[in-house]
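The values are calculated or read from the model by the stated rules, or taken from the named source; none is laboratory data. Note that the structure is a prediction, hence the values are computed from the model and not measured. When we count neighbours, we look across all protein chains shown, and the Cβ atoms used for this are built from the backbone with ideal geometry, even at glycine.
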Amino acid sequence: MSKKSKTKGYNYYKEFTVVANLILKASELLNETLQDFNVKDLEKRLVKLHEIERNADEQKYEMMSYMYSDFLPPIERADIIDLACALDTIIDLMEDILKYIDMYQVPKITPEMLEFMKIIAKSSEKIQEAIKDLKNFKKPKVLNEAIIAINRYENEGDDLYVKSIKKLFIERKDPLETVALTRIYDYFEKSCDSFEDAADIISSIILKNS
């Protein structure tokens, strides 16, 4: 079968939704790991999260292979590439959070981590909502509402990051613990930012096609 014939009937919006569902799945797994935390279980949890991340990678590469031989994709190629990479990055960063918690063998989850997780969980739900409605970008009411919510959550993440780091240096705990928590909070904050990056690409798609 030629590449040209393989692209016939390919539904980019459906494939983006598959990745959005993986984002939600990764968020649920990360949340479950933090809520029911046991440092001895981290390696097993990481294997499960990496499997989700690998599935997302495969979806992205498959989309790229179809797009390059597609004469008329529904939106600009650059936007497809940017959005596919942004969604993949969201899952990458959730995996990084768990990697660093495992790497530093954090003995317990802090209240700040759970607060970050709430933001990530809400953002995951909203990005899934936005991606499911992406095909309706010419009537973007639902998309715009999701984007506004994601931007608000990102601001909450920024505020929480500043408070969390400040608290570490006010309390002046063990230096190694401070270094470890600082790095982990960095990745929580990057994770919150990654949703806004994807939302910004969706905003650009709406503007280009309005």
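Scanning the stretch 62-75 for residues that are aromatic (Phe, Trp, Tyr), without any contact (Cβ under 8 Å) to a residue 24 or more places away in the chain and assigned to a helix (DSSP H, G or I) turns up nothing. With respect to the stated conditions, Ile165 fails to be over 17 Å from the mean Cα position of the chain (by Cα), surrounded by fewer than 13 Cβ atoms within 10 Å (Cβ to Cβ) and closer than 27 Å to Tyr185 by Cβ.
Here is a list of conditions, (1) touching a residue at least 40 places away in the same chain (Cβ under 8 Å); (2) surrounded by fewer than 17 Cβ atoms within 10 Å (Cβ to Cβ); (3) over 17 Å from the mean Cα position of the chain (by Cα), and Leu42 meets all of them except one; can you say which number that is? Exception for Leu42: condition (2).
Screening the candidates Glu171, Glu145, Glu177 for the property of being modelled with pLDDT of 95 or more and either surrounded by fewer than 14 Cβ atoms within 10 Å (Cβ to Cβ) or more than 16 Å from the chain's Cα centre (by Cα) (or both) yields one hit, Glu145.
Residues in the stretch 194-210 that are part of a helix (DSSP H, G or I) and over 30 Å from Asp96 (Cα atoms): Ile206, Leu207, Lys208.
For the stretch 119-136, the set of residues classified as surrounded by fewer than 21 Cβ atoms within 10 Å (Cβ to Cβ) and more than 16 Å from the chain's Cα centre (by Cα) consists of Asp133, Lys135, Asn136, listed by residue number.
Among the candidates Leu87, Leu98, Leu83, Leu114, the residue that is assigned to a helix (DSSP H, G or I), at pLDDT 95 or above and farther than 24 Å from Thr33 by Cβ is uniquely Leu83. Here is a check on your reading of the model: is Leu30 in a helix (DSSP H, G or I), among the aliphatic types (A, V, I, L, M) and within 19 Å of Gln128 (Cα to Cα)? So Leu30 fits the description; yes.
Contact map, the stretch 166-192: first residue part of a helix (DSSP H, G or I), second residue among the charged types (D, E, K, R) and at pLDDT below 95, Cβ cut-off under 8 Å, separation 6 or more or different chains; pairs are Thr178/Arg172. Asn55 - would you say it is touching a residue at least 60 places away in the same chain (Cβ under 8 Å), surrounded by fewer than 19 Cβ atoms within 10 Å (Cβ to Cβ) and out of contact with any Pro (no Cβ under 8 Å at 6 or more places or on another chain)? In short, no.
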